Amino acid sequence: MELLSQVKLWGDRHHPKWLDYFRIVLGMILIWKGVSFALNLSAFTALMTQSRLVTAVSLSIVAHIIIVLHVIGGLFIVLGSHTRTSCLLNLPVLLVAVFFVNLSHNIFKPYAEFWLSCTVLVGLICFLIEGDGIISVEHTKEGDQSVAHSQ
(Lines give C-alpha, C1' and ligand atoms only; values in the text may rest on other atoms or scores of the structure.)
Protein backbone atom coordinates (compact mmCIF):
# COMPACT_ATOMS: atom_id res chain seq x y z
CA MET A 1 0.00 0.00 0.00
CA GLU A 2 2.92 2.30 0.73
CA LEU A 3 4.23 1.81 -2.83
CA LEU A 4 0.88 2.89 -4.33
CA SER A 5 0.89 6.03 -2.19
CA GLN A 6 4.43 6.85 -3.29
CA VAL A 7 3.56 6.34 -6.98
CA LYS A 8 0.49 8.57 -6.61
CA LEU A 9 2.46 11.28 -4.83
CA TRP A 10 5.24 11.17 -7.45
CA GLY A 11 2.68 11.35 -10.28
CA ASP A 12 0.95 14.33 -8.72
CA ARG A 13 4.22 16.26 -8.25
CA HIS A 14 5.78 15.52 -11.67
CA HIS A 15 2.98 16.27 -14.10
CA PRO A 16 3.77 18.63 -17.01
CA LYS A 17 0.92 20.69 -18.42
CA TRP A 18 1.29 19.31 -21.98
CA LEU A 19 0.44 15.88 -20.59
CA ASP A 20 -3.02 17.17 -19.68
CA TYR A 21 -3.74 17.88 -23.34
CA PHE A 22 -2.68 14.33 -24.18
CA ARG A 23 -5.05 13.09 -21.43
CA ILE A 24 -7.93 15.05 -22.94
CA VAL A 25 -7.23 13.66 -26.42
CA LEU A 26 -6.95 10.15 -24.96
CA GLY A 27 -10.36 10.50 -23.32
CA MET A 28 -11.90 11.79 -26.55
CA ILE A 29 -10.46 8.82 -28.45
CA LEU A 30 -12.02 6.43 -25.92
CA ILE A 31 -15.39 8.17 -26.25
CA TRP A 32 -15.11 8.07 -30.06
CA LYS A 33 -14.27 4.34 -30.02
CA GLY A 34 -17.14 3.61 -27.62
CA VAL A 35 -19.63 5.44 -29.83
CA SER A 36 -18.11 3.76 -32.88
CA PHE A 37 -18.61 0.33 -31.27
CA ALA A 38 -22.21 1.22 -30.46
CA LEU A 39 -22.95 2.39 -34.01
CA ASN A 40 -21.19 -0.58 -35.64
CA LEU A 41 -22.20 -3.32 -33.24
CA SER A 42 -22.59 -5.88 -36.03
CA ALA A 43 -19.00 -5.35 -37.22
CA PHE A 44 -17.80 -5.51 -33.63
CA THR A 45 -19.75 -8.74 -33.09
CA ALA A 46 -18.22 -10.26 -36.23
CA LEU A 47 -14.74 -9.22 -35.10
CA MET A 48 -15.19 -10.73 -31.65
CA THR A 49 -16.68 -13.93 -33.09
CA GLN A 50 -13.78 -14.23 -35.53
CA SER A 51 -11.21 -13.81 -32.75
CA ARG A 52 -12.95 -16.51 -30.67
CA LEU A 53 -12.49 -14.62 -27.42
CA VAL A 54 -16.01 -14.94 -26.08
CA THR A 55 -18.98 -17.22 -26.58
CA ALA A 56 -22.16 -16.13 -28.33
CA VAL A 57 -24.04 -15.95 -25.02
CA SER A 58 -21.70 -13.46 -23.39
CA LEU A 59 -20.94 -11.48 -26.57
CA SER A 60 -23.73 -8.96 -26.00
CA ILE A 61 -22.75 -8.41 -22.38
CA VAL A 62 -19.07 -7.93 -23.26
CA ALA A 63 -19.95 -5.50 -26.06
CA HIS A 64 -22.10 -3.36 -23.78
CA ILE A 65 -19.50 -3.37 -21.00
CA ILE A 66 -16.83 -2.19 -23.46
CA ILE A 67 -19.10 0.56 -24.77
CA VAL A 68 -19.95 1.81 -21.27
CA LEU A 69 -16.32 1.64 -20.09
CA HIS A 70 -15.09 3.56 -23.13
CA VAL A 71 -17.75 6.27 -23.09
CA ILE A 72 -18.01 6.89 -19.34
CA GLY A 73 -14.31 6.24 -18.68
CA GLY A 74 -13.36 8.50 -21.59
CA LEU A 75 -15.59 11.26 -20.24
CA PHE A 76 -13.99 10.99 -16.80
CA ILE A 77 -10.52 11.06 -18.36
CA VAL A 78 -11.38 14.16 -20.42
CA LEU A 79 -12.72 15.93 -17.33
CA GLY A 80 -9.84 14.79 -15.14
CA SER A 81 -12.10 13.18 -12.59
CA HIS A 82 -11.24 9.71 -11.24
CA THR A 83 -8.64 9.38 -13.99
CA ARG A 84 -6.68 6.56 -12.36
CA THR A 85 -9.82 4.50 -11.78
CA SER A 86 -11.04 5.06 -15.34
CA CYS A 87 -7.65 4.06 -16.74
CA LEU A 88 -7.56 0.94 -14.57
CA LEU A 89 -11.04 -0.12 -15.74
CA ASN A 90 -10.21 0.45 -19.44
CA LEU A 91 -6.82 -1.27 -19.23
CA PRO A 92 -8.08 -4.89 -19.63
CA VAL A 93 -10.16 -3.89 -22.68
CA LEU A 94 -7.12 -2.34 -24.38
CA LEU A 95 -4.87 -5.27 -23.45
CA VAL A 96 -7.29 -7.64 -25.19
CA ALA A 97 -7.60 -5.25 -28.14
CA VAL A 98 -3.84 -5.00 -28.61
CA PHE A 99 -2.71 -8.56 -27.98
CA PHE A 100 -5.64 -10.68 -29.16
CA VAL A 101 -7.81 -8.75 -31.59
CA ASN A 102 -5.60 -6.27 -33.47
CA LEU A 103 -2.40 -8.32 -33.48
CA SER A 104 -4.04 -11.02 -35.58
CA HIS A 105 -4.75 -8.55 -38.39
CA ASN A 106 -2.20 -7.15 -40.79
CA ILE A 107 -0.63 -4.51 -38.54
CA PHE A 108 1.51 -2.97 -41.25
CA LYS A 109 -1.31 -1.96 -43.55
CA PRO A 110 -2.20 1.73 -43.68
CA TYR A 111 -4.65 2.95 -41.04
CA ALA A 112 -4.23 -0.18 -38.92
CA GLU A 113 -6.09 -0.09 -35.60
CA PHE A 114 -3.15 -1.79 -33.88
CA TRP A 115 -1.10 1.39 -33.61
CA LEU A 116 -4.01 3.43 -32.25
CA SER A 117 -4.73 0.71 -29.69
CA CYS A 118 -1.05 0.63 -28.65
CA THR A 119 -0.99 4.41 -28.25
CA VAL A 120 -4.16 4.37 -26.13
CA LEU A 121 -2.76 1.49 -24.04
CA VAL A 122 0.45 3.42 -23.35
CA GLY A 123 -1.63 6.51 -22.51
CA LEU A 124 -3.77 4.56 -20.05
CA ILE A 125 -0.69 3.19 -18.30
CA CYS A 126 0.83 6.69 -18.21
CA PHE A 127 -2.24 8.28 -16.62
CA LEU A 128 -2.68 5.37 -14.24
CA ILE A 129 0.64 6.53 -12.79
CA GLU A 130 0.47 10.29 -13.46
CA GLY A 131 -3.11 10.97 -12.43
CA ASP A 132 -5.33 13.94 -13.30
CA GLY A 133 -2.96 16.86 -13.69
CA ILE A 134 -3.37 20.60 -13.61
CA ILE A 135 -6.20 20.92 -16.14
CA SER A 136 -8.85 18.83 -14.38
CA VAL A 137 -11.99 19.26 -12.34
CA GLU A 138 -10.29 17.67 -9.31
CA HIS A 139 -7.19 19.89 -9.36
CA THR A 140 -6.61 21.99 -6.29
CA LYS A 141 -3.77 24.44 -5.80
CA GLU A 142 -1.12 23.76 -3.14
CA GLY A 143 -2.32 26.77 -1.14
CA ASP A 144 -5.90 25.55 -1.19
CA GLN A 145 -4.81 22.17 0.24
CA SER A 146 -2.88 23.76 3.10
CA VAL A 147 -5.90 25.93 4.01
CA ALA A 148 -8.16 22.87 3.95
CA HIS A 149 -5.78 20.90 6.20
CA SER A 150 -5.48 23.72 8.76
CA GLN A 151 -9.25 24.00 9.24
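The values are calculated or read from the model by the stated rules, or taken from the named source; none is laboratory data. This structure is a prediction, so every number in the text was calculated from the model and none was measured. For neighbour counting, all protein chains shown are included, and Cβ atoms are generated from backbone atoms with ideal geometry for every residue, glycine included. When the accessible area is computed, the model is the full protein with side chains, heavy atoms only, and any ligands, DNA or RNA have been set aside. Shrake-Rupley method; radii C 1.70, N 1.55, O 1.52, S 1.80 Å.
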Note to self: Just checking, does region 131-147 include any residue being at pLDDT 85 or above, of a type in the set (Val, Ile, Thr), touching a Ser or Thr at 6+ places or on another chain (Cβ under 9 Å) and part of a loop (DSSP other than H, G, I, E, B)?
What the structure shows: yes
Check: Which residue pairs have Cβ atoms under 9 Å apart, sit 6 or more places apart or on different chains, and have a first residue in region 120-133 that is closer than 15 Å to residue 13 by Cβ and a second that is open to solvent by less than 10 Å² (accessible area, probe 1.4 Å) and of a type in the set (Phe, Trp, Tyr)?
Finding: 133/127
Next item on the list: Please tell me if residue 80 is within 10 Å of the chain's Cα centre (by Cα), at pLDDT 80 or above and not charged (D, E, K, R).
Entry: no
